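Accompanying notes for the structure given below.
The values are calculated or read from the model by the stated rules, or taken from the named source; none is laboratory data. As the structure is a prediction and not an experimental result, all values here were calculated from the model. In this analysis, Cβ positions are derived from the backbone assuming ideal geometry, glycine residues included, and neighbour counts consider all displayed protein chains. With ligands, DNA and RNA removed, areas are computed over all heavy atoms of the protein, side chains included. Shrake-Rupley method; radii C 1.70, N 1.55, O 1.52, S 1.80 Å.
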Amino acid sequence: MTDPICQLMEDVEGLCKRCYHLQKSNNEMYDYIKDDSQLQEYIDENEKIIEKYHRKIDEIFQLINENKDGEKEVHWPPIAMDFKKMEEEEKRLCIEKKNQLMNNQQQTVSEDQGVYL
């Protein structure tokens, strides 16, 4: 790989690391979201930032592929792959917590309806 490509790969690693830490932060906030409704705003903002970083990563790979001059195929750096896998696991945990929270809220509403009859 050429030197500019190495720098771009380091940028990808950095972006993947940021995505992982934002997703991990979202996961941790879901533990406290019942007590603080503003946390949902922070989670939504983090999701927007993560989407922005994912688009940037895609742009970097598109740029690399357009300018690789017949070199062999460029793959994800191993560290970036590790962060991407950890981010996906944190995302899965967030979805589980979000679904559990929604189910708990629905049960509370159902129980409240029974009280008022």
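Contact map, the range 43-63: first residue touching a residue at least 12 places away in the same chain (Cβ under 8 Å), second residue among the basic types (Lys, Arg) and open to solvent by 100 Å² or more (accessible area, probe 1.4 Å), Cβ cut-off under 7 Å, separation 6 or more or different chains; pairs are 53/18. Note on the range 1-36: residues that are under 15 Å from residue 58 (Cα atoms) and among the β-branched types (Val, Ile, Thr) amount to 2.
Okay, residues lined up against (1) part of a helix (DSSP H, G or I); (2) free of Cβ contacts under 8 Å to residues at least 24 places away in the same chain; (3) out of contact with any Pro (no Cβ under 8 Å at 6 or more places or on another chain); (4) not aromatic (Phe, Trp, Tyr):
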{"residue": "83", "(1), (2), (3), (4)": "yes, no, yes, no"}
{"residue": "87", "(1), (2), (3), (4)": "yes, no, yes, yes"}
{"residue": "90", "(1), (2), (3), (4)": "yes, no, yes, yes"}
{"residue": "95", "(1), (2), (3), (4)": "yes, yes, yes, yes"}
{"residue": "106", "(1), (2), (3), (4)": "yes, yes, yes, yes"}
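Report yes if residue 35 is at negative phi, part of a helix (DSSP H, G or I), out of contact with any Pro (no Cβ under 6 Å at 6 or more places or on another chain) and open to solvent by 30 Å² or more (accessible area, probe 1.4 Å), otherwise no.
On the way: at negative phi: yes; part of a helix (DSSP H, G or I): no; out of contact with any Pro (no Cβ under 6 Å at 6 or more places or on another chain): yes; open to solvent by 30 Å² or more (accessible area, probe 1.4 Å): yes.
No; evaluated as a whole, the condition is false for this residue.
Just one of the listed residues (86, 9, 1) is modelled with pLDDT of 90 or more, open to solvent by 70 Å² or more (accessible area, probe 1.4 Å) and of a type in the set (A, V, I, L, M), namely 86. Selection of first residues in the range 1-23 that are touching a residue at least 12 places away in the same chain (Cβ under 8 Å) and of second residues that are basic (Lys, Arg), restricted to Cβ pairs under 8 Å at least 6 apart or on distinct chains, gives the following pairs, ordered by first then second residue: 5/68; 15/56; 16/84; 19/84; 20/84; 23/91.
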